[in-house]
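For reference, the structure discussed in these notes is given below.
The values are calculated or read from the model by the stated rules, or taken from the named source; none is laboratory data. What you see is a predicted model, and the numbers here were worked out from it, not measured in a lab. Positions of Cβ are generated from backbone atoms using ideal geometry, with glycine treated the same way; all protein chains shown enter the neighbour counts. To get the accessible areas, we keep the full protein, side chains included, count just its heavy atoms, and leave off ligands, DNA and RNA. Shrake-Rupley method; radii C 1.70, N 1.55, O 1.52, S 1.80 Å.
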Amino acid sequence: MSVTIDLSGRVAVITGGARGIGYAAAQKMLAAGAKAVALWDIDAAALQEAAAGLGSLGVVSTDVVQLTDENAVAEATAAVAARGGGIDILVNNAGITGGNDLLWKLDPKIWRQVIDVNLIAPFLVCHAVVPVMLKNGYGRIVNIASVAGKEGNPKASHYSASKAGLIGLTKSLGKELATENILVNCITPAAARTDIFKQMTPEFTAFMLSKIPMGRFVEVEEIAAMILWLASDQVSFTTGGVFDITGGRSTY
């Protein structure tokens, strides 16, 4: 017997939704019957292109949002909730790498920027969205962390630290909401070939591939499939969890 994930009536917000993992997740959610998907990104042109590509699948809205701006996040949250009658699903996907170098050679400004985008922004988004979910008595939050947050990658201390922090945020928030019918989980993927690769050196890209026993990078559609499951009613007794999708790199 096959099991079909049904997101009928659900309203989702996906940060960094204009491309890559976020776009693939939006495709799967709309195909699963989501009532509406809101894509948040800072790239207006990419959002317009994404909306055009997804429009035939269902209702898609786009918002240009600076995720490190508390007021901008609050305004975007209110807009989505007003349009859709609430927010049922949140995917914190937006992130940057900040390049690669030894810790003592990294510019402190870049270090702070990576923490701001990869950790502070998900906090601000959860801070705004969780009250909406509490009001409706339902929610699924999926944070996109990284295997780097579990293992620490050399020449990526800022990225590794930000993703480790996001894992910790997931565990804490999951416990805080455990009795509220709002489940919070995160995914720790190995590297996928997305635009984030443009921020990395070829040597670092080769290093990451060498760490994956399957000998290939994960596909965004594979990550999106795990997001879809965690965002659905199929998951009902798991919160604060960390789900690997690393081709055998991480097995704990």
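Residues that are open to solvent by 20 Å² or more (accessible area, probe 1.4 Å), assigned to a helix (DSSP H, G or I) and under 19 Å from residue 15 (Cα atoms) within segment 96-123 comprise 113, 115, 116, 117, 119, 120, 123, listed in sequence order. Those strands (runs of 3 or more DSSP E) of segment 1-95 in which 1 or more residues are surrounded by fewer than 23 Cβ atoms within 10 Å (Cβ to Cβ) occupy 36-41, 60-64. Screening 61, 56, 146 for residues that are in contact with a Ser or Thr (Cβ under 8 Å, 6 or more places away or on another chain) and hydroxyl-bearing (Ser, Thr, Tyr) leaves exactly one candidate, 146. Cβ separations smaller than 7 Å between residues 6+ apart or across chains give the following pairs from segment 37-50 residues that are within 20 Å of residue 90 (Cα to Cα) to residues that are at pLDDT 95 or above and among the aromatic types (Phe, Trp, Tyr): 50/23.
Each row is one residue, and each column tells you yes or no for (1) at negative phi; (2) without any contact (Cβ under 8 Å) to a residue 60 or more places away in the chain.
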position: 142; (1), (2): yes, no
position: 155; (1), (2): no, yes
position: 223; (1), (2): yes, no
position: 236; (1), (2): yes, yes
position: 240; (1), (2): no, no
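The condition of being under 21 Å from the mean Cα position of the chain (by Cα) and in contact (Cβ under 8 Å) with a residue 12 or more places away in the chain does not hold for residue 106.
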